[in-house]
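Note sheet for the following structure.
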Amino acid sequence: MNKKVCVSTLGCPKNIVDSEKLLATLNYEYEITENPNQTDYLIINTCGFLQSSVAENEDYISQAIKLKQIGKIEKIFVVGCLVSRNRAELTKKFPDIDGFFGTDFLDKLPAKIKQNHNELYGERKLLTPSHYAYLKISDGCEHNCAFCAIPAIKGKFNSLSIEKLVEEAKYLAALGVKELILIAQDTTSYGIDLYKEQKLNELLQELSRIEQFKWIRLMYTYPRKFPTNILNTIKTADNIAKYIDMPIQHISTNILRKMGRGMSKEETINLLRAIRQNVPNIAIRTTFIVGFPGETEKEFAELRDFIEEFEFDRMGVFEYSAEIGTAAYKYSDTVSKDIKAQRLEELMLLQQNISLKKNRKLIGNEMQILIDEVKDAFAIGRTQYDAPEIDQQVIIKSKKLIAGGFYNVKIVDAREYDLIGKVVK
Ligand code: SF4
């Protein structure tokens, strides 16, 4: 009888891809279970990005150890970013853990717990709904954003070759994936290590030749040295979503300089305008940080006014978190927790109004909707302008629609972050 193994994935879509690859290789010798409370082996794929995720992950590990102590789990392995960030501390804190593996666990762990381990190219056991999947095109980062611990966790850029990525994409297409979501710490620097030049445009062109994909979506782009040659490819390829995710973090030139972003306010605005001019109707998603050390009321107001004027299609805001090991950690955290919370709330209220205004303009439009799930009498889907899990949804009153199906839908009503639609016969 094969032993049972469960992989718990904490953190971001990059972790999801790693877990899917791990599950695909373990599937040859283990019975895969999704129940972490009843398994022989539990593998916890961790996140170590922020202090808050460190605390959450350590709590998860403690709960798992309790299950092991009452015999519900035989062995626990902790892998991924938290281990790469705090291995020594974790090893001392959790002596009951059977093995710690850093972000290179895909090479090391299978060899430890499998009889016959052969490296697998491209095979994945999907954790996402079967109609969409993430494609991790590179890992690591060489930018030095002052607030970010990722370069210390993940190391230098490490791009997969175009050939390997096309092979993996074709494997996903054969599994029935229709939406392919490109991810990395920074997708725009794709290939700079392997090919000594940015190759994102070539990769997008190769992937868009795989006709099974209806939407190819680009996430985690970085503004500095943005490869504008991709804009024409996004505009002209029918199966590339008119959507771009580009965290900007702030707009004040002084704060951007202190963050080590290497872009000024003017350069950022010029790039955003160029994206909108070159790709009509493109949806731009971004994220900002409020409360970075030294952020004055005036600099915050500059950010607020910019958001009001530019009107992003999708937006998230985070409070600055002082992270050990980052350049900004030595700056005294001058903005109080209350002020950070107030600034975050103020920006999200502003965005709520912008989003409602934009959504109301869509009433009467017919749009292509991909259904993610059908719950009771409702189908929940997305437009090409929405990434799964983080962006808006379209709600359709119907029992007949199928998850993974594309439907023409007329927008009949709008809310701040949702659209209401009716299937067009
Ligand atoms: S681009 Fe900046 S924020 Fe993003 S992973 Fe790299 S260092 Fe961190």
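The values are calculated or read from the model by the stated rules, or taken from the named source; none is laboratory data. All figures in this text were calculated on a predicted structure; none of them were measured in a lab. Cβ placement follows ideal geometry from the backbone for every residue including glycine, while neighbour counts extend to all protein chains displayed. With ligands, DNA and RNA removed, areas are computed over all heavy atoms of the protein, side chains included. Shrake-Rupley method; radii C 1.70, N 1.55, O 1.52, S 1.80 Å.
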- Task: At a Cα cut-off below 13 Å, give the aspartates and glutamates reachable from residue 114, other chains included and same-chain residues fewer than 8 away excluded.
- Result: 29, 31
- Message: Report, to one decimal in Å, the Kirkwood hydrodynamic radius for region 297-380 based on all distinct Cα pairs.
- Response: 16.2
- List the equivalent ellipsoid semi-axes of region 63-136 in whole Å, largest first, each obtained as the square root of 5λ for an eigenvalue λ of the Cα gyration tensor. 25, 16, 15
- Judged on accessible area alone, 1.4 Å probe, highest first, 30, 331 line up as 331, 30
- Query: Over the chain, one equal point on each Cα, no solvent: what is log10 I(q)/I(0) by the Debye formula at q = 0.14 Å⁻¹?
  - Reply: -1.46
- Message: Which of rounded, prolate or oblate describes region 201-243 when judged by the alpha-carbon gyration tensor and an a/c cut-off of 1.5?
- Response: prolate
- Using +1 on the beta carbon of Lys and Arg, -1 on that of Asp and Glu, and nothing else charged, what's the dipole of the chain about the Cα centre, debye to 20? 540
- Cα-centred dipole magnitude for region 250-360, charges only on beta-carbon of K, R (+1) and D, E (-1), debye, nearest 20: 360
- Measuring from its Cα centre, region 132-360 shows a charge dipole (+1 at each Lys and Arg Cβ, -1 at each Asp and Glu Cβ) which, in debye to the nearest 20, is 300
- Among 423, 296, 237, whose Cα sits farthest toward the positive end of the charge dipole of the chain (+1 at Cβ of Lys/Arg, -1 at Cβ of Asp/Glu, about the Cα centre)? 423
- Task: Kindly state, to the nearest 0.05, the FRET efficiency for residue 142 paired with residue 415, given R0 = 25 Å and r defined as their beta-carbon distance.
- Result: 0.05
- Item | Relative contact order computed over region 30-114 (Cα-Cα under 8 Å; 6+ residues apart), in percent | 29
- Query: If we restrict to alpha carbons, what Rg and Dmax does region 4-113 come to, in Å?
  - Reply: 12.7, 36
- Query: Which percent of the accessible heavy-atom area of the chain goes to carbon and sulfur, probe 1.4 angstrom?
  - Reply: 49
- What list of ³J(HN,Hα) couplings, whole Hz, do you get for region 396-413 from phi and the Karplus terms 6.51, -1.76, 1.60, once you set θ to phi - 60° and write x for glycine and proline? 10, 7, 6, 9, 8, 7, 10, 4, x, x, 9, 9, 7, 10, 9, 7, 10, 7
- Links that overshoot a 24 Å alpha carbon limit, given the list 242/399; 21/92; 68/112; 154/235; 258/298: 242/399; 21/92; 154/235
- Item | Per residue accessible area in Å² of region 132-360, where ligands, DNA and RNA are left out and the probe is 1.4 Å | 42
- Dividing the mean separation of Cα pairs under 8 Å (6+ apart) by the residue count of the chain yields a relative contact order in percent of 10
- Separation between Cα centres of region 22-84 and region 234-303, rounded to whole Å: 36
- Item | Which listed pairs, of 265/361; 199/330; 214/357; 93/156, have C-alpha distances above 32 Å, in listed order | 199/330
- In region 4-113, taking the dipole from +1 charges on Lys and Arg beta carbons and -1 charges on Asp and Glu beta carbons about the Cα centre, the listed residue (111, 73, 83) farthest towards the positive end is 83
- Message: Between region 134-159 and region 346-425, how far is it from one alpha carbon centroid to the other, in angstrom?
- Response: 33
- Item | Most positive-pole-ward Cα, 169, 143, 370, against dipole of the chain from beta carbon charges | 370
- Excluding ligands, DNA and RNA, what is the solvent-accessible area per residue of region 4-113 at a probe of 1.4 Å, expressed in Å²? 42
- Quick note, region 366-423: a/c under 1.5 would make it rounded; otherwise a/b > b/c is prolate and the rest oblate (a ≥ b ≥ c, C-alpha gyration tensor); here it is rounded
- residue 269 accessible area, nearest 10 Å², 1.4 Å probe? 30
